[in-house]
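Novice: The structure follows.
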Amino acid sequence: MSEKPWTVVSVAGVGLIGGSFALALRKAGFTGKIIGVSSQETVRAALDRGVIDEALPLREAAAQSDLVYLAQPIGKILSTLDDLDPYVFSGTLITDAGSTKSAIVARAAKRIQRGRFIGGHPMAGKESRGVEHADADLFRGRPYVLTSRDATLERWIRRIGARVVILDAAEHDRLVALTSHLPQLISTALAGAIAAAPEACEVAGPAAIDLTRLAMSPFEIWRDILSTNAEAIDRALDEFIAKLEELRRSLGDGGIQTAFERAAASARMLRRS
């Protein structure tokens, strides 16, 4: 478990999550240098907002960093891991913010030798993307999953207001398939069903609006998530379809009240946690 203080942090992918992490570090008292690695347009906006101190190519940034934070799309994280290791210090900590973990952790185990890799996933976000929407309080009160332990990383995650949860990669992917990926697909399916009856829009109320919000998520965000967690998502869909079939059967046998009561208890438990 590392206790070495950080003096230089590089953020690869200075969008909503990467930019928010940089701002959160500053708000939590980090006084070192934060380097941004992203497109010219993005780093210009990040510099203008004071999100980062300097913009550099990844190799130059990594070569001087105590922490390299990969906040890119999953496919880009995988390709970055293929190229990153020769340019970091021996023992440099590398972590990511990808929404699935098994593929990323497996790639890091093969490609990262000089550095140390810990998979990460902050359970936070917004509908809006980009560094202009970065928020120092984005992670406050939210779970932040790590796939292994590191004292310094955990301490900073707590300082930014998040709650550290330690899970191995497979268990993370199983759980987020239920709590994140399945809700996206449910919302997508419901919006598709409503689209088949356009006149339903005339009588749609808050329930339809709330439940179809995720259906507006851009597919480019979800492409890599769905492909790198397909097995766990398939199992989650099986479980959900089985629950729908139970509800269908209970409509005719009077068991629907029990299903509502159990679901309400589960929903209350989610909100308490």
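Novice: How large is the charge dipole for the chain, taken about the Cα centre, if only the Cβ atoms of Lys, Arg (+1) and Asp, Glu (-1) carry charge, to the nearest 20 debye?
Specialist: That gives the chain a dipole magnitude of about 860 debye.
Novice: Nearest 0.05, what FRET efficiency do Ser128 and Arg249 give at R0 = 51 Å with Cβ-Cβ as r?
Specialist: Computed FRET efficiency for Ser128 and Arg249 comes out at 0.80.
Novice: Looking only at region 8-167, where both bridge partners belong to it, what percent of the DSSP beta bridges are antiparallel (to the nearest 5)?
Specialist: 10
Novice: Counting only other residues whose beta carbon sits under 15 Å from that of Ala62, what net charge do I get with K and R as +1, D and E as -1?
Specialist: That works out to -1.
Novice: Same structure again: Taking every DSSP beta bridge with both residues inside the chain, roughly what % is antiparallel (nearest 5)?
Specialist: Antiparallel bridges: around 10 percent, rounded to the nearest 5.
Novice: With θ set to phi - 60° and the Karplus curve 6.51 cos²θ - 1.76 cosθ + 1.60, what are the ³J(HN,Hα) couplings of region 118-134 in order, to the nearest whole Hz, using x for Gly and Pro?
Specialist: 10, x, x, 8, x, 8, 8, x, 9, 5, 8, 10, x, 5, 5, 9, 4
Novice: Full-extension gain between Ser266 and Ile241, please, as 0.36 nm times their residue separation minus the C-alpha to C-alpha distance. If you can, show how the numbers build up before the last one.
Specialist: Values: separation 25, 0.36 × 25 = 9.00 nm, distance 1.78 nm.
So the extension gain works out to 7.2 nm.
Novice: Given 0.36 nm per residue, what is the gain on full extension from Leu47 to Arg149 after removing their alpha carbon distance, in nm? If you can, show how the numbers build up before the last one.
Specialist: On the way: separation 102, 0.36 × 102 = 36.72 nm, distance 3.16 nm.
In short, 33.6 nm is gained.
Novice: Moving to a separate point now. Between helix 256-272 and the chain, what is the angle of the helix's C-alpha long axis to the longest principal axis, kept within 0 to 90° and rounded to the nearest 10?
Specialist: Computed tilt is about 20 degrees.
Novice: Between Ser217 and Lys4, what's the calculated FRET efficiency when r is the beta-carbon distance and R0 is 35 Å? Round to 0.05.
Specialist: Computed FRET efficiency for Ser217 and Lys4: 0.40.
Novice: Could you order the peptides 169-178, 115-124 from most to least packed, using the average number of other C-beta atoms within 10 Å per residue?
Specialist: Numbers: 169-178: 19.3, 115-124: 22.2.
Taking the mean over residues of other Cβ atoms within 10 Å, the ranking is 115-124, 169-178.
Novice: Okay, next question. Write down, largest first, the equivalent ellipsoid semi-axes of the chain in whole Å, where each equals the square root of 5 times an eigenvalue of the alpha-carbon gyration tensor.
Specialist: Working through the eigenvalues yields semi-axes of 38, 20, 18 Å.
Novice: Provide, as a two-decimal number, the C-alpha radius of gyration of region 185-250 over 2.2 N^0.38 Å, N being how many residues it has.
Specialist: Relative to the 2.2 N^0.38 Å estimate, region 185-250 comes out at 1.30.
Novice: Distance from the Cα centre of region 82-101 to that of region 199-244, in angstrom?
Specialist: If you average the Cα positions of each part, the centres end up 31 Å apart.
Novice: On a 30 Å Cα-Cα criterion, which of the cross-link pairs Lys33/Lys101; Lys27/Lys110; Lys4/Lys126; Lys101/Lys243 come out too long?
Specialist: Over 30 Å Cα-Cα: Lys27/Lys110; Lys4/Lys126.
Novice: Could you work out how much longer the chain between Ile166 and Ala28 gets when fully extended? Use 0.36 nm per residue separation minus the Cα distance between them, nm to one decimal. All intermediate terms of the calculation are to be shown ahead of the outcome.
Specialist: Details: separation 138, 0.36 × 138 = 49.68 nm, distance 2.16 nm.
My answer for the length gained is 47.5 nm.
Novice: Of Ala265, Ala28, Leu167, whose Cα points farthest to the positive end of the dipole of the chain (charges on the beta-carbon: +1 Lys, Arg; -1 Asp, Glu; origin at the Cα centre)?
Specialist: Ala28
Novice: Ok, one more. Which of Thr100, Thr152, Val88 sits closest to the plus end of the dipole of the chain, meaning its Cα is farthest towards the positive end, when Lys and Arg get +1 and Asp and Glu get -1 on the C-beta?
Specialist: The one lying farthest along the dipole's positive direction is Thr152.
Novice: Also, I was wondering about something else. What FRET efficiency would be calculated for the residue pair Ser79, Gln257, taking the C-beta separation as r and a Förster radius of 41 Å, to the nearest 0.05? List each step's numbers first, then the result.
Specialist: Values: r = 52 Å, r/R0 = 1.27.
Rounded to the nearest 0.05, the efficiency is 0.20.
Novice: Hey, another quick one. Principal axis extents for region 8-167, Cα atoms only, whole Å, descending order, please.
Specialist: So the extents along the principal axes, rounded to whole Å, are 36, 32, 28.
Novice: Which value at 222 nm does the chain reach when only helices count, each DSSP H run of 4 or more adding -39,500 (n - 2.57), with the total divided by all residues and rounded to the nearest 500 deg cm²/dmol?
Specialist: Roughly -15000 deg cm²/dmol at 222 nm, from the helical runs in the chain.
Novice: Can you pull out the chymotrypsin sites (Phe, Trp or Tyr not before Pro) in region 1-101 whose DSSP state is coil and whose Cβ has at most 16 other Cβ atoms within 10 Å?
Specialist: Listed in order of number, the matching sites are Phe89.
Throughout, read-outs are computed from the coordinates displayed, never taken from laboratory work. Predicted, not measured: the structure shown is a model, and the values here were computed from it. Positions of Cβ are backbone-derived with ideal geometry, glycine not excepted, and every protein chain shown enters the neighbour counts.
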